[in-house]
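J.: Here's a structure for you.
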Amino acid sequence: MLKNYLILAWKVLSRKKFFTFISLFGISFTLMILTVLAAFLDGELGSHAPITRQNRLVFMDQVVMKLTVPDTVLTIDSTLTGGVMRYDTTMEIGEETRNYSGSAASYGMLDRYLRGLPHTAEQTFYHTQTFDVYLNSTKFPVQTMFADGAYWRVFDFEFIEGGGFPDAAVTERSPVVVISRTARRAFFGGDAPAVGQEVEINRTRFRVVGVVEDVSRSKNYAHADAYIPLTFTREGVLQEAGLQGPFSAAFLAASPQDRQPLKDEIRRKAQTIPIPDPENYNMLELEGKTVFESFATELFQGEETPAAIAWFFGIIGGLVALFILLPTLNLISINVTRILERSSEIGVRKAFGAHPRDLLLQFVLENVLLTLLGGLLGFGLALWLIQVLNSSRALGNIVLAVNYSVFAYGLLITLFFGILSGLLPAWRMSRLHVIQALKQSPV
Amino acid sequence: MIALQDVHKVYRTDTVETLALNRISLRVEAGEFVSVMGPSGCGKSTLLNIMGLLDEPSSGAVSIAGQPIGTYSTARLARFRNEHLGFIFQSFHLINDLRVIDNVELPLIYRRGLSASERRKLAEAALDQVGLRHRIRHFPGQLSGGQKQRVAIARAIAGNPKIILADEPTGNLDSVMGQEIMDILLRLNREAGATVVMVTHDEGIARQTHRLIRIFDGSQVA
């Protein structure tokens, strides 16, 4: 019986080409978008190099200083009742922020107050700066990461050759550099080994000790063309007296369970740090963020972390809902029309011995087959689009990879809605009286 | 073979009550070919639908092959129709998306214990009987009206039912085609021993059957 229904469903679908095309298009397009979106988010937020231990990572890239003063707001409401004026006075005591300054951190502040916090296995302090390098008269802006030796222990880069530089290279100010695959191509042309060769950045010659795979531009803590010891940063930067400067910090918590206590520790630590300019600022805020929180606040700049996360989920959730809802509504509307058109068939089948259950199963199976076909097509389209996006580098350094579990969930959701969209009209029609079904027939 | 005892059928809406059949009692014996005639709206099709277990009487009893049908569940009724009854409709009611052979196989899909090859053999044999074996791969849209009705007859007889119920099978056809269909039905009755009950408006067609039942305003008048 089941085999018959499948064969029948296949025959109906192959005969109703336009209907099948419209439905397949909706389903496969949805799955393609969901799969590519998931691949993008997985590439950005998943546990891939250089953040395979992302469940232990905490970033601190903002030092916020404020001057807040008590603020009292007096509200007087007046109402005229029976010729008598009444006054209702409300006094609200709150806070007003007079001064605000948000910036990255100074090396001194990080080194003095945030090094060796409890729950930390390792921490690294780094900042970036771009230098123009001229190669055969062509300008190559080299984004340079000034990092310490711990940087290579906190982040696990994918090395194509060589490795990172040790702590000693930082303290001894050894002119060594790790470059990206793109930089290797720019400096040396092609993919020939570069370790041992020299590159000149900001009028200093550095010896290449390692080459890493490119990192997405959105991962500002790891994206660079060249990584050099932070002791080569411009003079005075490491000795800045204030709390703010160009540096960010990344902490590797001792374990995933230590990540939240570490974030709490960073927030608490802010209360103990003396503010150098108490007349202008009386409050210091430091916030440790996870990879996801860091991504969300980077995406929705100006928003507090909870608001940025809410925006992120709102937009992603809205997009996913929209992309699932559209083909579902499309399927429901097509199914209702299609099944109504088939009232004659329903009447005939019932007359010749079909039970309502048989008809329900038949129509639902048609939908399942259609959805599975759409799913396969969508998967093929997603693979193709990912291949096109990767090879054209349309998303910069972001390399997309198919996330099979998201595809499976997407297929399940579409299957669910596919069945649901067919079930209601099929159920109604399967209960239609045989005489009525035959009379409604357009034949 | 078919026995109706005091069958009464009333269609009710919120405001209107329409009497379709008024205390009809009749018997159709096994192997009989009976035609039912009467003016439009007199209850002929309702009578046929009740005989074919497609509709229930408001009161009265129906029995087929000695079976008291009134007590049957929906599932048992469906199975009974599948095994004992074949239907032919005025407007053919073929499924346009399916090939001729698949249309003819349709009743056999709902019959338990038949393999695909058995179904195919039965359907081909039925198409042989109506002379359309060569059209098995065609779709209904590619056939003439007469051919469509022959496919509908093949579908009705594919499962070898004892009873064939035909609702104006020649109504949509010209006289030549109509007679061709009538010849097939007569042959099925004569050679296969099928009991046939046929609703018709055509006196000439009705005269070819064993017995004529006349209905007027829901009552049997002859």
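J.: Within the stretch B:27-42, identify whether any single residue is facing chain A (nearest Cβ under 9 Å) and either open to solvent by 10 Å² or more (accessible area, probe 1.4 Å) or assigned to a loop (DSSP other than H, G, I, E, B) (or both), and answer yes or no.
T.: No; the residues of the stretch B:27-42 include none that is facing chain A (nearest Cβ under 9 Å) and either open to solvent by 10 Å² or more (accessible area, probe 1.4 Å) or assigned to a loop (DSSP other than H, G, I, E, B) (or both).
J.: Residue by residue through the stretch B:28-77, note down the ones that are more than 14 Å from the chain's Cα centre (by Cα) and closer than 18 Å to A:Ala354 by Cα.
T.: Residues satisfying the conditions are B:Glu56, B:Ile69, B:Tyr72, B:Ser73, B:Thr74, B:Ala75, B:Arg76, B:Leu77.
J.: I'd like to verify a number: residues in the stretch A:155-181 that are open to solvent by 40 Å² or more (accessible area, probe 1.4 Å) and either under 13 Å from A:Val208 (Cβ atoms) or polar (S, T, N, Q) (or both), how many?
T.: Matching residues across the stretch A:155-181 total 6.
J.: Among the residues of the stretch B:206-220, count how many are open to solvent by less than 10 Å² (accessible area, probe 1.4 Å) and farther than 19 Å from B:Asn22 by Cα.
T.: So the answer is 1.
J.: Something else now. Restricting attention to the stretch B:81-99, which residues are part of a helix (DSSP H, G or I) and either more than 18 Å from B:Pro161 (Cα to Cα) or more than 8 Å from every other protein chain (Cβ to nearest Cβ) (or both)?
T.: Answer for the stretch B:81-99, where residues must be part of a helix (DSSP H, G or I) and either more than 18 Å from B:Pro161 (Cα to Cα) or more than 8 Å from every other protein chain (Cβ to nearest Cβ) (or both): just B:His84.
J.: Only one residue in B:Pro140, B:Pro68 is open to solvent by less than 30 Å² (accessible area, probe 1.4 Å) and either more than 8 Å from every other protein chain (Cβ to nearest Cβ) or among the acidic types (Asp, Glu) (or both). Which one?
T.: B:Pro140
J.: Tell me which helices (runs of 4 or more DSSP H) are completely within the stretch A:244-348 and hold 1 or more residues being in contact (Cβ under 8 Å) with a residue 40 or more places away in the chain, of a type in the set (D, E, K, R) and within 30 Å of A:Met32 (Cα to Cα), or say none if there are none.
T.: Fully inside the stretch A:244-348 and qualifying: A:291-299, A:305-341.
J.: Taking B:Tyr110 and the conditions (1) closer than 24 Å to B:Ile157 by Cβ; (2) out of contact with any His (no Cβ under 9 Å at 6 or more places or on another chain); (3) within 14 Å of chain A (Cβ to nearest Cβ), which numbered condition does it fall short on, given that it satisfies the others?
T.: The one condition B:Tyr110 does not meet is (2).
J.: Residues of the stretch A:342-355 being within 7 Å of chain B (Cβ to nearest Cβ) and surrounded by fewer than 22 Cβ atoms within 10 Å (Cβ to Cβ), which ones?
T.: A:His355
J.: Looking for whichever is over 29 Å from A:Val178 (Cα atoms), under 34 Å from the mean Cα position of the chain (by Cα) and not β-branched (Val, Ile, Thr) here; the options are A:Gln257, A:Gln244. Which one fits?
T.: A:Gln257
J.: Say whether the condition of being part of a strand (DSSP E or B), open to solvent by less than 10 Å² (accessible area, probe 1.4 Å), in contact with a Pro (Cβ under 8 Å, 6 or more places away or on another chain) and under 24 Å from B:Leu21 (Cα atoms) is met by at least one residue in the stretch B:162-185.
T.: The answer is no; no qualifying residue exists.
For every residue, the table says whether it meets (1) part of a loop (DSSP other than H, G, I, E, B); (2) open to solvent by less than 30 Å² (accessible area, probe 1.4 Å); (3) more than 23 Å from A:Ala49 (Cα to Cα).
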{"site": "A:Ala183", "(1), (2), (3)": "no, yes, no"}
{"site": "A:Val208", "(1), (2), (3)": "no, yes, no"}
{"site": "A:Lys219", "(1), (2), (3)": "yes, yes, no"}
{"site": "A:Tyr227", "(1), (2), (3)": "no, yes, no"}
{"site": "A:Arg234", "(1), (2), (3)": "yes, no, yes"}
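The values are calculated or read from the model by the stated rules, or taken from the named source; none is laboratory data. Everything numeric in this text was worked out from a predicted model, so none of it was measured. For neighbour counting, all protein chains shown are included, and Cβ atoms are generated from backbone atoms with ideal geometry for every residue, glycine included. Surface accessibility is based on the protein's heavy atoms, side chains included, excluding ligands, DNA and RNA. Shrake-Rupley method; radii C 1.70, N 1.55, O 1.52, S 1.80 Å.
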